[in-house]
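The block underneath contains the structure these notes are about, expressed in structure tokens.
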Amino acid sequence: MPGTCVIGLQWGDEAKGKLVDILTEEHEIVVRYQGGANAGHTVVSNGQTWKLSLIPSGILRDGVSCVVTGGVVLDPASVIKEIDGLESRGVRVDGKLRLSDRAHVVFPWHIAEDRLLDGIVSGGEAIGTTGRGIGPCYRDKVGRSLAVRLGDLYRDDFRDRIGHVVDVKKRLFAGWGAEAASIELDADAIHSQYMLYARRLEPLVCDTTAYLLDSIESGGRLLFEGAQGALLDIDHGTFPYVTSSNSSGLGVASGSGVPGRWIDRVIGVVKAYSTRVGGGPMPTEQINAVGEHLRERGREYGTVTMRPRRCGWFDAVAARYTARLSGVDELAVMLLDVLSGLDEIRICSAYTIDGRRVEHFPSHVDDLRRAEPVYETLPGWQEDISAIRRYDDLPAAARRYLARIGELLGRPVSIVSVGPDREQTILADRPAVSKSWPRPQHPAPANA
Ligand code: IMP
């Protein structure tokens, strides 16, 4: 099995980190291929809690190599902070961590732009970015003329390049109003600071595309770790309330340089309910006691920004869409224990938009805003399930709920998580398999 990938099917924070940590045992290389320091994952291992952002959690295991590829936008200060945090607790990164020379570098101007431009985009709502400079860095990547890649830090013309970019950015900022115009960008200071970062990271920087292709062609097993969730995909998510990279399964090949033909297992990760951080529509959001239950029991506060997450019922319309989009073979349902104690549990299996029943996920955010969930109501369970380790020992209502998720998404539920620790994981030996795929529906184009 050369390549496995783990993709979040919702709006991120699906507890992928725990799953990646477990699956790392079966792989030699863990690959992070998109996003940047906007992601955060928490791994609980042997009673210790680790919070990581860009560096894959595989770093905690001996004999595992971790790769951050060219599809990532890399903030050197943030990576160095993570490395320091690991090394201060006895985890060495040399020889284990590789950073792509093709990765685009986040600079102070990107972080300033993120703050300045995350205004209201449409419908009176801001995107609510993580403020890590992710979008502005990707914008410069696509724009090319103001982009700097990690490999550029080691070139003789690096000082000239910084001078050029700072000059252009200052002129742009001058036209963006008083606040932007007052942002100080000192080319010499930025250059000196980034040279220090460059020296520190130098032993880790290489051509990761060549490394990964060599590894996979010689039989290495790679685990691709998606960041964020597929509903935040720049092309296929709830645009413009998305992140700036391909966070669905479609981004694996372009972000890593490893063609999709090498990936033979795609695990779609969902929470047993829905959460979202930042702006944008979320049809099943519960601003009530149910939402409070999920937030408090699920500790639903952002790992990176500590913002309270918006919480709601499981949205099978959205997850079915992203499971298909990401080529998902099987499902991991995380945080099932959070649902204990609810009398009944709802699953959204369709929407009503302008009075019409719709089973596909709308491509335009305004249609999604008008979508009213059509719920199925299932019985809840009261038992604490966090100590259960076998599928058959789960309460009947929990098994029924998992089976319904599997049916609606058309994929078997093969992994169930009932708590943050590695041990609190159930591998379903009799997975909830669905034989019947949801019937595709193609509404007529609006202008037909
Ligand atoms: P950005 O990625 O910082 O530009 O933020 C764009 C949108 O994606 C915002 O709504 C963020 O809250 C959301 N987002 C980015 N990274 C994550 C993540 O790791 N988990 C959940 N939401 C995220």
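The values are calculated or read from the model by the stated rules, or taken from the named source; none is laboratory data. Small disclaimer: the values here were computed from a predicted structure and weren't measured. Note that we place each Cβ from the backbone using ideal geometry, even for glycine, and neighbour counts take in every protein chain shown. Calculation scope for accessible area: heavy atoms of the full protein, side chains included, ligands and nucleic acids excluded. Shrake-Rupley method; radii C 1.70, N 1.55, O 1.52, S 1.80 Å.
Looking only at residues of segment 18-46 that are assigned to a loop (DSSP other than H, G, I, E, B), in contact (Cβ under 8 Å) with a residue 12 or more places away in the chain and not hydrophobic (A, V, I, L, M, F, W, C), we find that the one that is nearest to Asp233 (Cα to Cα) is Gln34. Among the residues of segment 113-170, those identified as outside any helix (DSSP H, G or I) and of a type in the set (A, V, I, L, M, F, W, C) are Ile120, Val121, Ala126, Ile127, Leu146, Ala147, Val148. In segment 330-340, the residue that is nearest to the ligand (Cβ to nearest atom) out of those that are open to solvent by 10 Å² or more (accessible area, probe 1.4 Å) and not in a loop (DSSP other than H, G, I, E, B) is Asp337. Considering segment 280-297, and only residues there that are open to solvent by 10 Å² or more (accessible area, probe 1.4 Å), without any contact (Cβ under 8 Å) to a residue 60 or more places away in the chain and not hydrophobic (A, V, I, L, M, F, W, C), the residue that is farthest from the ligand (Cβ to nearest atom) turns out to be Asn288. Candidates in segment 240-254 are the residues that are in contact with a strand residue (DSSP E or B) (Cβ under 7 Å, 6 or more places away or on another chain) and more than 14 Å from the ligand (Cβ to nearest atom); of these, the one that is nearest to Asp329 (Cα to Cα) is Gly249. Can you run down the residue pairs with Cβ atoms below 9 Å, 6 or more apart or on separate chains, where the first is in segment 386-397 and under 11 Å from Ile426 (Cβ atoms) and without any contact (Cβ under 8 Å) to a residue 60 or more places away in the chain and the partner is of a type in the set (Phe, Trp, Tyr) and open to solvent by less than 70 Å² (accessible area, probe 1.4 Å)? Filtered contacts from segment 386-397: Leu394/Trp381. If you go through segment 92-131 and keep only what is within 14 Å of the ligand (Cβ to nearest atom), open to solvent by 40 Å² or more (accessible area, probe 1.4 Å) and at pLDDT 95 or above, you end up with just Ile111. Contact map, segment 245-264: residues that are more than 22 Å from Leu99 (Cβ to Cβ) paired with residues that are in a loop (DSSP other than H, G, I, E, B) and of a type in the set (Asp, Glu), Cβ distance under 6 Å, separation 6+ or inter-chain. Pairs shown: Ser248/Asp233.
Looking only at segment 132-168, filter to residues that are hydroxyl-bearing (Ser, Thr, Tyr) and open to solvent by 40 Å² or more (accessible area, probe 1.4 Å); which one of those is nearest to the ligand (Cβ to nearest atom)? Ranking the qualifying residues of segment 132-168, first place goes to Ser145.
Restricting the search to strands (runs of 3 or more DSSP E) fully inside segment 348-431 and requiring at least 2 residues that are at pLDDT below 95 gives an empty result. I'd like to check something: does segment 218-239 contain any residue that is more than 16 Å from the ligand (Cβ to nearest atom), without any contact (Cβ under 8 Å) to a residue 40 or more places away in the chain and open to solvent by 20 Å² or more (accessible area, probe 1.4 Å)? Scanning segment 218-239, I find at least one residue that is more than 16 Å from the ligand (Cβ to nearest atom), without any contact (Cβ under 8 Å) to a residue 40 or more places away in the chain and open to solvent by 20 Å² or more (accessible area, probe 1.4 Å), so the answer is yes.
Quick check on segment 308-329. Is at least one of its residues open to solvent by 40 Å² or more (accessible area, probe 1.4 Å), outside any strand (DSSP E or B) and within 16 Å of the ligand (Cβ to nearest atom)? No; the residues of segment 308-329 include none that is open to solvent by 40 Å² or more (accessible area, probe 1.4 Å), outside any strand (DSSP E or B) and within 16 Å of the ligand (Cβ to nearest atom). There is no residue in segment 183-190 that is modelled with pLDDT of 95 or more, open to solvent by 40 Å² or more (accessible area, probe 1.4 Å) and within 24 Å of the chain's Cα centre (by Cα).
Residues in segment 9-23 that are β-branched (Val, Ile, Thr) and either buried (at least 24 other Cβ atoms within 10 Å of the Cβ) or within 16 Å of the ligand (Cβ to nearest atom) (or both): 1 in all. Output the residues belonging to segment 48-72 that are assigned to a strand (DSSP E or B) and either farther than 19 Å from Ser215 by Cα or at pLDDT below 95 (or both). Scanning segment 48-72 gives Gln48, Thr49, Trp50, Lys51, Leu52, Val72.
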